[in-house]
Amino acid sequence: MASPDDLQFQEFEEAAELLSADPGASTLSTSASNTITTAAAGGGGGEEVKLDLSEDEEGQEESSELLGGQKPAGGFWTFEYYQSFFNVDTEQVLDRVKGSVMPLPGRNFIKHHLRSSPDLYGPFWICVTLVFSVVISGNLSTFLSEMGNPSYHYRPQFHRVTIAAVVIFMYAWLVPIGLWGFLTWRQGAERQVGGYSFLETVCVYGYSLFIYIPTSVLWIIPFEWLRWTLILFAMVISGSVLVLTFWPAVRDDTKVMSVATVVTIVVLHTLLAIGCKMYFFQIAVHVPTTAPTSPPLHITVATTPH
Amino acid sequence: MAAAADEASRPFAGLSDVSISEDIPVEGDISVPVGPSTRRRNDDEFSTLDEPVRETILRDLRAVGKKFIHVLYPKRSSALLRDWDLWGPLLLCVTLALLLQGGAADSDYQGGPQFAEVFVIVWFGSIIITLNSKLLGGTISFFQSLCVLGYCIMPLTAAMAVCRIVLVAGSGTVSFAVRLVVVTASFGWSTFASTAFLADSQPANRKALVVYPVFLFYFVIGWMVLTFSPSQ
């Protein structure tokens, strides 16, 4: 079977001439060869030959892209360009989510789970779900912690959706851009550092945020030690997904740069987790006075600054 | 070689001899008879400019009402998909946004969603879900999907109206339990109704990928309905 690189069609007229000169020449596919040979033999089917060849050429282009795995179809103004980023099945998405929750040493998320077909479905919807789960869980935990307080009036705190969306989407999209740019620059400078494509970086970051969704739901339980245990657990898991993915890429770099890169990744991830916890899951402290005649004094600590 | 070429060209030999203009007559009359009245011959197509305004409005209202009934009893029908319109979704969105107003007015920045926020969530949410389903390879058209998602907000709007009535009676635990049951039931109904219409347009191995954002969308709207707390 000829490899796709051998079948290069430069001119339709040249190929048609070649086929008409030698009708017995091997053609691309059985269905196309019949029409080509009959049309060429008939002599008057020049138009038909052109149509068939163009169809085959698109088919060949498609298969070479599938084999290459990374080139999307069409220009960035076509719908098909973006459709190629959503070319995933339910099974694949579930498999990638599982891989992000259970990082095993030696299993690079990109090489093992993405396998050259990164998608944007996972990162986008995981970010959206995380935004709403953090806001809703934070609201519920505030409500539960203030339930005994008679002067507390429940507030939906809907403005937090905007804040959470901005923070989480900026983290999930700007940090991969910076990291990808940095790795590409190092790859250009050092020539030994392996790089990942932009989509793969975004994909890893998006899927690594998945563990925070159940963690944020479990944060409703109002025990501080449990919350810190959960956040440490989640940070270890998602941090190790990121580290296991990016360590092989920067390992060949100078010691200082590779360690600095990995440390930066971990620190940014930690900042996101702790920042979300501090802002959305605030604990209110009430100090009621012991004297029953004076009105109870309520001091609320760490409320929203505005 | 000449004989082979001759035989090969024989299937096409007859084509050059056919002269269509003489053997097959192409005359005829293709105008459709409109009716017994000959005065209408100048108005071959049905013109909606001549009908009374009430008739025009009632026709659109009847179409919207028919779709509401389709949402009430969802079954896989293509009628809602074929004649899409966005009047119903607009009406429902405005009603829902208006009903969500007037809560917790003493501290606005910590309150429920503003009118514009409800609009943004409903319309941008629907657009994003439609884009998502099209990017995953769905066959439904853009406006048909917007129409379905918008109409299926109806159970949640009804639940919002019920919640406001319940809140007039009181806002204790019992009222919260009642509201929770009502909102959960209508959220399930909305999701079930919209997937009944949208599920067929997706390839089989991606149905869950399309249904999950719809679930999330109605969950967020249900959350907004449930957490509405009146000002005191």
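Nothing in this text is a laboratory measurement; each read-out follows from the coordinates by a stated rule. Since we're looking at a predicted model, the values are computed, not measured. A quick note on method: Cβ atoms are made from the backbone with ideal geometry, for glycine too, and the neighbour counts reach across all protein chains shown.
Residue pairs exceeding 30 angstrom between C-alpha atoms, taken from B:LYS67/B:LYS134; A:LYS98/B:LYS207; B:LYS67/B:LYS207; A:LYS98/B:LYS67; A:LYS111/B:LYS207; A:LYS98/B:LYS134: A:LYS98/B:LYS67.
Just check segment B:117-157 against the gyration tensor rule for me: Cα atoms, a ≥ b ≥ c as the square roots of the eigenvalues, rounded for a/c under 1.5, and otherwise prolate or oblate depending on whether a/b exceeds b/c. Taking the square roots of the gyration eigenvalues as a ≥ b ≥ c, segment B:117-157 is oblate.
As an equivalent ellipsoid, segment B:97-232 spans semi-axes of 31, 16, 10 angstrom, where each value is the square root of five times an eigenvalue of the C-alpha gyration tensor, largest first.
Hydrodynamic analysis of segment A:119-252 uses the Kirkwood radius over alpha carbon pairs. Inserted into Stokes-Einstein at 4 °C and 1.567 mPa s, it gives a translational diffusion coefficient of 78 µm²/s. By other beta-carbon atoms within 10 Å, ranking A:MET170, B:MET154, A:MET235 with the fewest at the front produces A:MET170, A:MET235, B:MET154. The distance from the alpha carbon centre of segment B:120-189 to that of segment A:151-188 is 27 Å, rounded to a whole number. By the count of other C-beta atoms within 10 Å, a proxy for reagent exposure, A:LYS98, B:LYS134 are ordered fewest to most as A:LYS98, B:LYS134.
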